[in-house]
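The values are calculated or read from the model by the stated rules, or taken from the named source; none is laboratory data. Given the structure is predicted, the values throughout are model-derived calculations rather than measurements. Cβ coordinates were reconstructed from backbone atoms using ideal geometry, including for glycine residues, and neighbour counts include every protein chain displayed.
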């Protein structure tokens with residue numbers, strides 16, 4: 001596809017893009033939607049609005065968030081308790097790793113929100129992680145995947161703002177999507193840095209129709225837990 005200019009010119013605009021697009025995608029599934037977010041970084045204070053993404057989504061049945069850093073979980077929980085009107089049963093916070101989502105989460109979610117969590121894992125584990133996202137989707141669910149890319153991958157990790165950052169390539173992402181028989185329904189260049197060398201890409205991925213009947217979310221514990 002022909003590359004256009006990034007839709008955001010400042011980092012704070014990126015956070016607002018995350019929120020508005022996440023709201024749009026979740027709204028498309030209605031009030032019965034069950035949503036998984038793959039980190040709590042925005043909720044712990046990175047987002048310019050209180051409560052981050054999770055605390056400002058439209059009314060849905062259930063929102064789950066998985067986070068590997070216990071400190072970020074604690075900060076995110078504190079922010080959500082202080083600044084959102086969500087009843088506690090609506091939000092479930094989990095200590096765990098996106099590379100090994102629990103088996104009990106299979107076919108539980110209408111939407112998976114990965115807003116640049118994916119590029120903090122080594123590309124060697126990227127395919128298996130994306131396969132896990134596809135596994136936990138309900139039939140015809142969607143994955144919001146935001147990833148930092150370069151023309152050539154940095155298998156680093158590269159230190160940026162004291163965080164381990166990997167850089168994929170757009171072709172690597174497309175190959176994973178093709179392997180897993182997902183579909184890219186939208187692709188946007190969101191933001192650039194390093195003089196345009198590093199590009200933040202957004203892929204909206206459409207999951208397949210699944211033959212098995214969709215599972216309800218009642219079987220997921222609302223207590224923080226580590227994926228097995």
Got at least one residue in region 172-181 being in a strand (DSSP E or B), under 26 Å from residue 29 (Cα atoms) and modelled with pLDDT of 95 or more? no
Scanning region 91-136 for residues that are more than 23 Å from residue 168 (Cα to Cα) and without any contact (Cβ under 8 Å) to a residue 40 or more places away in the chain gives 91
Residue 66 vs. criteria in contact (Cβ under 8 Å) with a residue 60 or more places away in the chain, surrounded by 15 or more Cβ atoms within 10 Å (Cβ to Cβ) and within 20 Å of residue 145 (Cβ to Cβ): yes
Scanning region 38-58 residue by residue, those part of a loop (DSSP other than H, G, I, E, B) and either in contact with a strand residue (DSSP E or B) (Cβ under 7 Å, 6 or more places away or on another chain) or closer than 19 Å to residue 72 by Cα (or both) turn out to be 38, 39, 40, 41, 47, 48, 49, 50, 51, 52, 53, 57
Name the residue that is nearest to residue 56 (Cα to Cα), counting only residues in region 84-123 that are at pLDDT below 90 and loosely packed, with under 15 Cβ neighbours inside 10 Å. 85
From 35, 14, grab the single residue that is out of contact with any helix residue (DSSP H, G or I) (no Cβ under 9 Å at 6 or more places or on another chain) and outside any loop (DSSP other than H, G, I, E, B). 14
Looking at (1) buried (at least 20 other Cβ atoms within 10 Å of the Cβ); (2) under 27 Å from residue 6 (Cβ atoms); (3) modelled with pLDDT of 95 or more, find the lone condition where residue 138 falls short. (2)
With respect to residue 44, is the statement that it is in contact with a helix residue (DSSP H, G or I) (Cβ under 8 Å, 6 or more places away or on another chain) and either more than 15 Å from residue 90 (Cα to Cα) or surrounded by fewer than 22 Cβ atoms within 10 Å (Cβ to Cβ) (or both) true? yes
Checklist (1) modelled with pLDDT of 75 or more; (2) surrounded by 13 or more Cβ atoms within 10 Å (Cβ to Cβ); (3) outside any strand (DSSP E or B) applied to residue 204, failing item: (3)
